[in-house]
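For reference, the structure discussed in these notes is given below.
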Number of protein chains: 2
Amino acid sequence: MAQNARLQGLGMLVLFVLLSPAMTTAQQPSLNLMPLPANAQAGTGSLGVDSSFSVTFTGHTEPRLERAGERFLRQLARQTGLPLSLTPAKNAKATLVIQTDHASKEIQEAGEDESYVLEVTTAGARLTATTSLGTMHGLQTFLQLVDVSPGGFAAPALKIQDQPRFRWRGLMIDTARHFIPLDVIRRNIDGMEAVKMNVFHWHLSENQGFRAESKKFPKLHELGSDALYYTQDEIRDLIAYARDRGIRVVPEFDMPGHSTAWFVGHPELASGKGPYEIERRWGIFDPAMDPTNEKVYKFLDDLIGEMAKLFPDHYFHIGGDEVNGKEWDANAKIQAFMKAHGLKNNEALQAYFSGRVQKLVTKHGKTVVGWDEVLVEGVPKDIVIQSWRGQASLAKAAKQGYRGILSNGYYLDLGWSAARHYAVDPMSGDAANLSPEEKQRILGGESCMWAEYVNPENVDSRIWPRNAAIAERLWSSQEVRDSASMYARLDFVSARLEWLGLTHKTASRHMLQRLAGSASPVEFAALRTLTDVIEPVKDYTREQTAPAVPTSATPMNRVVDAIPLESDAGRRFGELVDQFLTSACHDPALEARLRAQLTIWRDNDAILQPLSQRSFLVREVAASSQDLSALGSAGLAALDAIGKGQTVPDSWKAQQLAILEQVKKPKAQLLLIPAPAVQKLAEAAAAGGACSNPKP
Amino acid sequence: MAQNARLQGLGMLVLFVLLSPAMTTAQQPSLNLMPLPANAQAGTGSLGVDSSFSVTFTGHTEPRLERAGERFLRQLARQTGLPLSLTPAKNAKATLVIQTDHASKEIQEAGEDESYVLEVTTAGARLTATTSLGTMHGLQTFLQLVDVSPGGFAAPALKIQDQPRFRWRGLMIDTARHFIPLDVIRRNIDGMEAVKMNVFHWHLSENQGFRAESKKFPKLHELGSDALYYTQDEIRDLIAYARDRGIRVVPEFDMPGHSTAWFVGHPELASGKGPYEIERRWGIFDPAMDPTNEKVYKFLDDLIGEMAKLFPDHYFHIGGDEVNGKEWDANAKIQAFMKAHGLKNNEALQAYFSGRVQKLVTKHGKTVVGWDEVLVEGVPKDIVIQSWRGQASLAKAAKQGYRGILSNGYYLDLGWSAARHYAVDPMSGDAANLSPEEKQRILGGESCMWAEYVNPENVDSRIWPRNAAIAERLWSSQEVRDSASMYARLDFVSARLEWLGLTHKTASRHMLQRLAGSASPVEFAALRTLTDVIEPVKDYTREQTAPAVPTSATPMNRVVDAIPLESDAGRRFGELVDQFLTSACHDPALEARLRAQLTIWRDNDAILQPLSQRSFLVREVAASSQDLSALGSAGLAALDAIGKGQTVPDSWKAQQLAILEQVKKPKAQLLLIPAPAVQKLAEAAAAGGACSNPKP
């Protein structure tokens, strides 16, 4: 019947086929928990959650736990719509009884006991934890357990014994390339709490901005931030906010490179002549601190001293990455210094600098964290290496006695799928062969949200929901790695994360509405049909294919900025094609679903064209829209050929594959995600008898 | 092809047909403005809006205008995604030059000059206004004009001369039955600014709560609010916030009825014996102030004096509605007083009370506003009547020399369509026959958001977008009344209102996700298919059909609480059926679109059933889901019959109409909106040759 519907100007038919994941009941996880707990034993029945639900704290109490209790009740009220009393009960007859043995450390440490036991029966629930940290994690687990049921809201009866696999489970947000306001950081910290991450790594300085107020050197933020910085009071508030959620805050002041913004107010720190301006472009730039200048160390001593007081965490990140050395090469005084001190090359010069800075950090009572580059011969063993280069360098560091954190594989800005991040394990690769003692040195990992193409409007959608998969990787057993289960739970968690105020789903729709302007509902639906199956190009391709040099002033209002980094609909279509090709390739139901989707795609461009003539931002995806149409036609042709069950001519195959090659090329920095799946269909058609099962 | 797709357990096909409105190009408004301006002349070309866009203020300036300028730029940045400088320019070369002649009144008055002239050319824009109020309105118009275009963001060249039709364009929010937090009020005030409303009527006291802090009588809010009240500082802040947006704040303290919450702390004011508790149910209750007790007037003198200082507006609302008189009847002292003073009945007693209170309000420098009931013989002419009873009583008041505001027809809680509210005009009905002088007494109107079934989560969706249609009614010419044009512009405005922080669209989806729990994407889509075409029952039917006595503690997490009060998809389907039946009833394209939609509806229940077995909140709409399925089948049968072009047997007609009668009955307090349209199809089928145009 949809085939009868002809496109008739504005009054045309739009079909939205929402493809269900190719998932059997067996694959459906019984618990919508993310991260999955270490141990869970199912019980019988469930605990009803109604308006009388209450919580009580026993054992150790502290104001932070009371606030966690109120936050828990507020969130439970939100996710059920029940009018709950937000005050923890004073008696022991509460629905959920919490026993905390003792306080966690005054300054949260990596490796504290975060375990908890949660027991739910039809009569009530009991959460026990050694420390407040475990209690907070257990509350988040309980929130995820409560769901609508046939008889009301309920949590399933079970017993969970849980603790993290890694002690360091972080998210880094680059707030320097684009400034990210505090309310946006706070809601992301709420998201971290929900998935049990425990380190917020705050990337505070860059070529493009120095974002922390310094009272000792006010020119740093006054001249280096375009007035977009965090005051010390705001920083203290944020640290308290994070501590309330069991999350440490590790500041990063990147040096000696990535530091142009420092030099706007303090050119005397630099190796070049200056003057310097805040950098507006992206990339690796020449300016670097002068490692040969004693005044630099005096300055850093004062600044690190100030910041070490402001940030209570025991760790202090000094960056250390990506120094191109050009300013050093060009400075005769530096060259002379190197010769005099036997520093053979820039790497040695940076090692000298790192060593000096490391002593300053130690003097102020902190442990250094730095990117791969800080690990050079002779660096003290107590520093922590954050590996952006890969698992091999992490393993190498561990072998040498250094502790490490994995970030390679967890760069959220590269646009990888959740499954691809999920497959990266700190203990895989070279790390798998480490001795138990060496393995102990791998503290965990951190996802990294670098902010070249991220602003307050779309940052949530660049972090979530994929970050939840990384959080699970760092919390749950190494054996937990079924990506189908992960995706099913991720869908669920993703919706709930929006209830915390995160906007990863909402903002995308608002941004698409902006670029659709006064589109009709039909046109907007067609735009959604297209944008549901495209993704931004991966890795660093966006920079490499940019039509003009992107800067921090480039508007981020394009389709590539608005759409999620991973297409759910594209993934589901791929699953459906696999299901069709492997299990029952002539199953009429599966074929009908494929045909329905392909028909919509084929016809979508005609609907979208008038809009792309009215909107310059939609016009940018006109080629992708035509590609989607071609993809639909190619897929339908392949299904026709498969249906005939005969070998198709080689010319047909060549023609179809040529179309698909064209479709697979990125356009407007966008990829059409279903292209490989349609190619599978075309190849199956070309192969003639590709079906593994015979026609019924 | 969709017909080939069989439902196969979980792996079934879901089709989403988004029906476009039956709208020709001629009906498309050329300007997406709401409210429409008094005069607009199209120019040639458009003014590009890019990152260099700037604003400058000339003539009168004040901090409020500077804030309005920054807010304007912030909003423009949000709706374009352009990184604009948020500081108004100091030179006269800005893109938008604003000339304000002089300040508006220190305390905003009803009837001040709100006019403005906005001229846009390809070279720049100029906004001129007599007062700051006109300037603020003009800025909102400019924001609505800017849209995406083929060459970038742009505003069309034109000249607008605009002023409001009515001086009093209000929104009342009942914050007493359910407490509404300040951030929610603020975002609704932002929405009011966007559609040029100028009065926020703050309903602050009720049987269910006394929401304003009184320093003179702290027991009022301490005992009468469940600790949910606004402090005086918060109230002052909100008044300043509204004033910044050209909006007056009129407080209402409802008396002598609707006042149980006062009596919890002050039983001595009541006519009954007490003690009193905060009322938890909805309706009209017996407690009322004792009009015969001089201490009541002493108390009110003090309280009105306190509140008159807190609220600077010249008007003060004393409620006065719905006194049932039972406490008066039962009180011998009151009865004796009435006899002694010749007060024949309770109406006379209330008139005596109103007269006394009116004197107190006057003494404190304010003008009384009251609901219809305060208008009784002998009341001074300077009071303002807010008519909830109807246009007739408004006209009657005007004839008697009283000024009035229309609210009858603008009760947002009754669930009427935007078109139905839009059709209500303060100058229609009896008012149409008033003399020009009498017409002058009709100041305008107010929409009313009564809050029995409204909470912070869903209140936005109960106010918006329909309130924008009422705002247009009160601003634009009486001749502006084409509801197709209104709906097209409302769609546009509705999307933009969410950019102000309103959640009328977003919250509904979140609430549906809550009641869908861990539904699969396919199941959730099926829930959306159903909920897109149902509406809560209208008027006061919800109370009359409630399964249990609703109270302020009743959860509002049901489908009836989550869905919008007006179904866009239902309206569009009705338009499509009308188009099909009147213009080209055998047009295959229209028939195909109807069939596609009806097929989806027919098949939807099978998809939704598993979910309704898992969720008690979805199960509540199981009957509506079955009805939708029946509706789909009935519609398809009707189309089949129409297609044959022959007269159908009477038995067929009776059978179909019986099904439709069943479907039209409300279930779970919900109405299936497309039912009447399908009935039209069935009747056309039964009539045989109902098509006005012959088969081509």
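The values are calculated or read from the model by the stated rules, or taken from the named source; none is laboratory data. Bear in mind the structure is a predicted one, so any value in this text is a computation, not a measurement. Please note: Cβ atoms are built from the backbone with ideal geometry, for glycine as well, and neighbour counts cover all protein chains shown. Calculation scope for accessible area: heavy atoms of the full protein, side chains included, ligands and nucleic acids excluded. Shrake-Rupley method; radii C 1.70, N 1.55, O 1.52, S 1.80 Å.
Data table
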quantity: Neighbours by Cβ (under 9 Å, 6+ apart or cross-chain): first from the range B:467-479, under 15 Å from B:Leu443 (Cβ atoms); second of a type in the set (S, T, N, Q) and open to solvent by 10 Å² or more (accessible area, probe 1.4 Å); calculated: B:Trp475/B:Gln163
quantity: Elements of type helices (runs of 4 or more DSSP H) contained in the range A:294-365, each with 3 or more residues being closer than 18 Å to A:Ala270 by Cα and touching a Lys or Arg at 6+ places or on another chain (Cβ under 8 Å); calculated: A:294-310
quantity: Counted residues, the range B:159-180 - those being aromatic (Phe, Trp, Tyr) and either away from chain A (no Cβ under 14 Å) or in a strand (DSSP E or B) (or both); calculated: 2
quantity: Options B:Arg169, B:Arg165; residue that is crowded, with 21+ Cβ neighbours inside 10 Å and among the basic types (Lys, Arg); calculated: B:Arg169
quantity: Hits in the range A:125-149 (condition: over 29 Å from the mean Cα position of the chain (by Cα) and farther than 30 Å from B:Pro610 by Cα); calculated: A:Arg126, A:Leu127, A:Thr128, A:Thr130
quantity: Filter result for the condition that a residue is of a type outside the set (D, E, K, R), under 27 Å from B:Ile185 (Cβ atoms) and without any contact (Cβ under 8 Å) to a residue 40 or more places away in the chain, over B:Ala562, B:Ala495; calculated: B:Ala495
quantity: Scope the range B:501-535; condition more than 9 Å from chain A (Cβ to nearest Cβ) and at positive phi; matching residues; calculated: B:Gly501
quantity: Residue match in the range A:612-620 (condition: of a type outside the set (Asp, Glu), more than 10 Å from chain B (Cβ to nearest Cβ) and out of contact with any strand residue (DSSP E or B) (no Cβ under 8 Å at 6 or more places or on another chain)); calculated: no
quantity: From A:Ile284, A:Ile304, residue being modelled with pLDDT under 95 and not aromatic (Phe, Trp, Tyr); calculated: A:Ile284
quantity: The range A:78-100: number of residues that are touching a residue at least 40 places away in the same chain (Cβ under 8 Å) and open to solvent by 50 Å² or more (accessible area, probe 1.4 Å); calculated: 1
quantity: Selection from the range B:181-210 of residues that are assigned to a loop (DSSP other than H, G, I, E, B), surrounded by 24 or more Cβ atoms within 10 Å (Cβ to Cβ) and out of contact with any strand residue (DSSP E or B) (no Cβ under 6 Å at 6 or more places or on another chain); calculated: B:Val195, B:Lys196, B:Asn207, B:Gln208
quantity: Residue within the range B:269-276 that is open to solvent by less than 10 Å² (accessible area, probe 1.4 Å) and more than 23 Å from B:Ala351 (Cα to Cα) present; calculated: no
quantity: Qualifying residue in the range A:557-568 (condition: closer than 29 Å to B:Ala77 by Cβ and more than 21 Å from the chain's Cα centre (by Cα)); calculated: no
quantity: Residues being touching a residue at least 12 places away in the same chain (Cβ under 8 Å) and surrounded by fewer than 22 Cβ atoms within 10 Å (Cβ to Cβ) - total across the range A:651-663; calculated: 5
quantity: Subset of the range B:536-558 that is open to solvent by 40 Å² or more (accessible area, probe 1.4 Å) and among the aliphatic types (A, V, I, L, M) - its residue that is nearest to the other protein chains (Cβ to nearest Cβ); calculated: B:Ala553
quantity: Unique match (being in contact with a helix residue (DSSP H, G or I) (Cβ under 6 Å, 6 or more places away or on another chain), of a type in the set (S, T, N, Q) and crowded, with 20+ Cβ neighbours inside 10 Å) among A:Ser407, A:Ser476, A:Ser387; calculated: A:Ser387
quantity: Test result for B:Glu472, under 17 Å from the mean Cα position of the chain (by Cα) and under 25 Å from B:Trp168 (Cα atoms); calculated: yes
quantity: B:Ala123 vs. criteria away from every other protein chain (no Cβ under 14 Å) and open to solvent by 40 Å² or more (accessible area, probe 1.4 Å); calculated: yes
quantity: Members of the range A:234-281 that are without any contact (Cβ under 8 Å) to a residue 40 or more places away in the chain, touching a strand residue (DSSP E or B) at 6+ places or on another chain (Cβ under 8 Å) and of a type in the set (A, V, I, L, M, F, W, C); calculated: A:Phe263, A:Leu269
quantity: Some residue of the range B:48-69 being within 14 Å of chain A (Cβ to nearest Cβ), touching a Gly at 6+ places or on another chain (Cβ under 9 Å) and buried (at least 17 other Cβ atoms within 10 Å of the Cβ); calculated: yes
quantity: Criterion (touching a Lys or Arg at 6+ places or on another chain (Cβ under 7 Å) and of a type in the set (Asp, Glu)) met by exactly one of B:Glu591, B:Glu620; calculated: B:Glu620
quantity: Test for B:Ala589: is it touching a Leu at 6+ places or on another chain (Cβ under 6 Å), assigned to a helix (DSSP H, G or I), surrounded by fewer than 20 Cβ atoms within 10 Å (Cβ to Cβ) and within 14 Å of chain A (Cβ to nearest Cβ); calculated: no
quantity: In the range A:644-682, the residues that are among the charged types (D, E, K, R) and over 26 Å from the mean Cα position of the chain (by Cα); calculated: A:Lys644, A:Asp650, A:Lys653, A:Glu661, A:Lys680
quantity: Residue identified as farther than 22 Å from A:Pro35 by Cβ, in contact with a Ser or Thr (Cβ under 8 Å, 6 or more places away or on another chain) and polar (S, T, N, Q) among A:Asn467, A:Asn458; calculated: A:Asn458
quantity: Every residue from the range A:618-642 that is touching a residue at least 24 places away in the same chain (Cβ under 8 Å), surrounded by fewer than 24 Cβ atoms within 10 Å (Cβ to Cβ) and among the hydrophobic types (A, V, I, L, M, F, W, C); calculated: A:Ala623, A:Ala630, A:Leu636, A:Ala637, A:Leu639, A:Ala641
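Each row is one residue, and each column tells you yes or no for (1) within 22 Å of B:Ser214 (Cβ to Cβ); (2) at pLDDT below 95; (3) over 27 Å from the mean Cα position of the chain (by Cα); (4) not in a helix (DSSP H, G or I).
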{"position": "B:Arg236", "(1), (2), (3), (4)": "yes, no, no, no"}
{"position": "B:Gly246", "(1), (2), (3), (4)": "no, no, no, yes"}
{"position": "B:Pro251", "(1), (2), (3), (4)": "yes, no, no, yes"}
{"position": "B:Met255", "(1), (2), (3), (4)": "yes, no, no, yes"}
{"position": "B:His258", "(1), (2), (3), (4)": "yes, no, no, yes"}
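One line per residue, one yes/no per condition, for (1) of a type in the set (S, T, N, Q); (2) in contact (Cβ under 8 Å) with a residue 60 or more places away in the chain; (3) buried (at least 18 other Cβ atoms within 10 Å of the Cβ); (4) in contact with a strand residue (DSSP E or B) (Cβ under 8 Å, 6 or more places away or on another chain):
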{"position": "A:Val323", "(1), (2), (3), (4)": "no, yes, yes, no"}
{"position": "A:Ala330", "(1), (2), (3), (4)": "no, no, no, no"}
{"position": "A:Met338", "(1), (2), (3), (4)": "no, no, yes, no"}
{"position": "A:His341", "(1), (2), (3), (4)": "no, no, no, no"}
{"position": "A:Ala351", "(1), (2), (3), (4)": "no, no, yes, no"}
{"position": "A:His364", "(1), (2), (3), (4)": "no, yes, no, yes"}
